[in-house]
Structures are given as C-alpha cells and as structure tokens.
Amino acid sequence: MANFTAATDCWFITGATASGKTAVAVELAQRIDAEIVSLDSMALYRHMDIGTAKPRPGERGPIAHHLIDVIEPHEEYSVAQYVAAAEKCIHEIKARGREVLFVGGTPLYLKGLLRGLFEGPPADWEFRHRLRDEAQQHEPGWLHEQLAAVDPKAAARLHANDTRRLIRALEVYEKSGMPISQLQQQFDRGRPADECRVFVLNWPRQVLHQRINRRVDAMFAEGLIDEVCTLLDKPEPLSRTARKAVGYREVIEHLDGRHTLEETVELVKQHTRQLAKRQNTWFRSLEECRFVPIHGELDPVKYAERIVAMTQQ
RNA sequence: GGGGGGUUUCCCGAGCGGUCAAAGGGGUCAGACUGUAAAUCUGAUGGCAAUGCCUUCGCAGGUUCGAAUCCUGCACCCCCCA
C-alpha cells in the first residue's frame, strides 16, 4: 500500500544539478499559481550563494521562495528537519489557497517528502563518535557484527564497510530499543508516477556535462573563491555539510595549497558530474518520477507548458 | 661528447623470469542510500561465441620450457658531468 504524506498532491521539479530547474519552475509556478519551496540541502545555507547556484532574487520572478537562506554555514541540518520545515510550508501555502511547487535536486529530501520518514531518535553525535572510535579499536567487521546481534535484518541490508549507516542503525536501537529495520518499512513503497506530479528534467548526458562545465567556469568568474574566503573568515567553523559541498571543498583545498587553480576548476567540474550521476541514479529508482526529456536549448516557457499538459492527460 | 634514470593497461603508478590481463589510486560505468545526503558506501572496468581463447607492459630482434620482468639494437623523455 502506498503511503500518503503532506506532499502527496504537491508539484515537484527536480533533475540533476545544472539542469535548468529554476527557470522552468518560475514559469510553471505562474501557470499553476504556486509558491516555490526549495528542495535543496545546500540552498538552506545563508552566505553560500555562488557555489550552490542559489536562485538570485532576479531569477525568482514574482514567485515567493521558501527554505532558502534559513541556516548559518556553521549549523548542521538533517532530512528530518527539512521534511518538518517543508510540511510547515505546505500547510501555510495551502492556507493561502496556492499550489506548492518543490524545486531542487536533493533526492533524499524528495524521497522523505514523498514517502515520509520513520519516527526515530535524533542524531546523538557523542554516541556516534564514541561508537566510531570503539570500532577502530576492533577488527573491520566489528560494527556489522554488533548490528547483526540486535537487528539481523538491518545488518543484512548494510555492507560491512557502511560505517555511517551501521552506526545510525545501532544508534536507533540504543535510543529507542527498536530495530531500525522494523521502524523504516514505509520507505520502500512508492506511488505510480501518473498519480504524482514529480517531473525530472532530463538532458542527454553530454549536453548536461557541457552545461555543468559552463556553470562551474561562471562560478569562478563570479567570485567563488572570495565567497569561500569570506566563509572561512567567520568565527564559527563551517559545518561538516557545508565544508564538503562540491565547489567549496575543492576551493578550500586550493586555498590550502593542495591544487593549482586550474586543477581546482577541473576537479569541481568532475565532482559536479559525479554528483549529477548519483542524482540520476536516485531518480531512476523512484517510481514517482516522470522524466521530461529536454532537447536543444532550454526554453522554460515551452517546458513549463509541457509539464502542465502532462498532468492533464 | 661521456655517465645515470626512465618509457606499464583511459590517467597516475607498482611489478623486476612462472602463481600477471598485471597491486594501489584516479577516472568511467552501474548500484545502494530514511535525522551528515553536493555526504557516504558497494560492484565492474583489455577483447571475445568466455570454467576457455585472443591481444596488451615504447619499437624490432634474441636468450629461455616460459619474459612486463634478462640480453642486443633503435626511438623518445629526464638528470648529472663536459
């Protein structure tokens, strides 16, 4: 049985990084009388503008945007916080009588909205660090064995090297007394694409790569390096998420003297392509997604209208 | 001109007579992913009619039952002396 969530009847425009989501979304929002909610784990951060390709005020048109610039670069965040914040947005926007249009390329957040999250304990970083340190004292498969003892079903799904997920599974068991495998069952069931409005802008791979390359060059031209310097000058250190964002991580390494500027630009392009690839793996795996093939130059009006038409068939 | 080091599979780089289609890393391809997700983890990666066959370690020869590994010559690159 498919599950219903607050986002079940919302609209979504997603797709790999640099696929032109913002432009299409602004056109679509005007046609369906929607407000936009960002579906992007990095646009949440204030002061990270260039490297996240955050839609600038000028690109947002007359449309209200939500969940952009809501946390500081030193703050940590989580899917659960995101989903909670997004559901609040949904209720408020609906109360104003408008449609809700999610726009962005963070597939985990997408899945969380579409299928809901299980009620679990929040992250306990002290616990995680302790477990991680303890694991390092033991043989490589130790964490996996620990989990297999309390939650064999979860252990069977996780690779012995998947430290992060093994630790979270143990954390859930420790805090709630329940095996994570028992709590997280709703996530496997999706809804058929034609019952949803989840649209994935889908470019031929080579063209997407060209768009990525051009965008990365533009980011450097617009001052990505200065933006990173400003972030590093802040009294609070960057959060682990912010620090590892594509574009930021490489520039930090460059400022550290690890790569030349030229190498850095190339690395950012390469890592952005890899990100796009992983995003597409997600979209292929989610039955809710409908792919919108893009040909030639992106014409936002044309594709916004095409998407509206797709929902009227 | 003399002496020394080097040339390895897409890239970097180990290998220094058999167990080598060749470690490791990168890239690429594919997959996973529920409180870090632009993160993290996994698998594949010379070719093929594929429990085997064929091609590959700068080029051409040679030694050997057997060579990426030893010898000879040639080409290119680097370093030192002149």
Cβ-placed point charges (K, R +1; D, E -1), dipole of chain A about Cα centre in debye, nearest 20: 840 debye
Top positive-direction residue, dipole computed over the stretch A:12-113 with Cβ charges, set A:Ile32, A:Thr106, A:Ala95: A:Ile32
What percentage of the solvent-accessible surface of the stretch A:200-313, computed with a 1.4 Å probe over protein heavy atoms, is contributed by carbon and sulfur atoms? 50 percent
Local net charge near A:Gly112, Cβ-Cβ under 15 Å (Lys/Arg +1, Asp/Glu -1): +1
What share of the DSSP beta bridges in chain A is antiparallel, in percent to the nearest 5? 0 percent
Let me check I've understood the local charge: for A:Glu263, count other residues with C-beta under 13 angstrom from its C-beta, Lys and Arg +1, Asp and Glu -1. What total comes out? -3
Which whole number of Å³ per residue matches the convex hull of the alpha-carbon atoms in chain A? 154 Å³
Highest to lowest packing among A:198-207, A:150-159, A:294-303, scored as the average C-beta count within 10 Å: A:198-207, A:150-159, A:294-303
Please work out the FRET efficiency for the pair A:Glu262 and A:Val207, using the Cβ-Cβ distance as r and a Förster radius of 30 Å; give the result to the nearest 0.05. 0.80
Counting only protein heavy atoms, what percent of the accessible surface of the stretch A:61-183 is carbon or sulfur at a 1.4 Å probe? 50 percent
Measuring with a 1.4 Å probe in the full set of protein chains, what accessible area per residue, in whole Å², belongs to chain A? 52 Å²
Pull out the extension gain between A:Val70 and A:Asp299, defined as 0.36 nm times the separation in residues minus the alpha carbon to alpha carbon distance; nm, one decimal. 79.4 nm
From the backbone phi of the stretch A:233-238, what are the Karplus-calculated ³J(HN,Hα) couplings (6.51 cos²θ - 1.76 cosθ + 1.60, θ = phi - 60°) in whole Hz, Gly and Pro given as x? 6, 5, x, 8, x, 4
Can you compute the FRET efficiency between A:His47 and A:Glu287 using 1/(1 + (r/R0)^6), with r the Cβ-Cβ distance and R0 = 35 Å? Round to the nearest 0.05. 0.40
At 0.36 nm per residue, minus the direct Cα-Cα distance, what do A:Glu139 and A:Glu119 gain on full extension? Give it in nm, one decimal, please. 4.0 nm
Whole-Hz Karplus couplings 3J(HN,Hα) for the stretch A:267-284, θ = phi - 60° and coefficients 6.51, -1.76, 1.60, Gly and Pro as x, run 5, 5, 4, 4, 5, 5, 4, 5, 4, 4, 5, 5, 4, 5, 4, 4, 4, 4
Using a simple charge model, +1 on the beta-carbon of Lys and Arg, -1 on the beta-carbon of Asp and Glu, nothing else, what dipole does the stretch A:25-72 show about its Cα centre, in debye to the nearest 20? 80 debye
Work out how far the C-alpha atoms of the stretch A:251-313 reach from end to end along every principal axis, then list the three figures in whole Å, largest first. 56, 27, 16
In nm, spacing of pseudo-spin labels at A:Ala149 and A:Asp233 (7 Å Cα→C-beta vector): 5.2 nm
Excluding near-sequence neighbours (fewer than 8 apart on one chain), chain A holds lysine pairs with C-alpha atoms under 24 Å apart numbering 25
Report the charge-dipole magnitude of the stretch A:155-313 in Debye, nearest 20, computed about the Cα centre from +1 at each Lys and Arg Cβ and -1 at each Asp and Glu Cβ. 620 debye
Count the net charge of all other residues whose Cβ sits under 14 Å from the Cβ of A:Leu131, scoring Lys and Arg as +1 and Asp and Glu as -1. -1
Calculated from backbone phi, Karplus (6.51, -1.76, 1.60) coupling profile of the stretch A:160-174 in Hz, x at Gly/Pro: 4, 8, 7, 3, 4, 6, 4, 5, 4, 4, 5, 5, 4, 5, 4
Using Cα springs under 10 Å in a Gaussian network model of chain A, which residue among A:His74, A:His138, A:His254 shows the largest mean-square fluctuation? A:His138
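The values are calculated or read from the model by the stated rules, or taken from the named source; none is laboratory data. What you are looking at is a predicted structure, and each value in this text was computed from that prediction instead of being measured. Counting neighbours? That spans all protein chains shown, and the Cβs are built from the backbone with ideal geometry, glycine included. Each accessible area value is taken on the protein alone, full model and side chains, heavy atoms only, with ligands, DNA and RNA left out. Shrake-Rupley method; radii C 1.70, N 1.55, O 1.52, S 1.80 Å.
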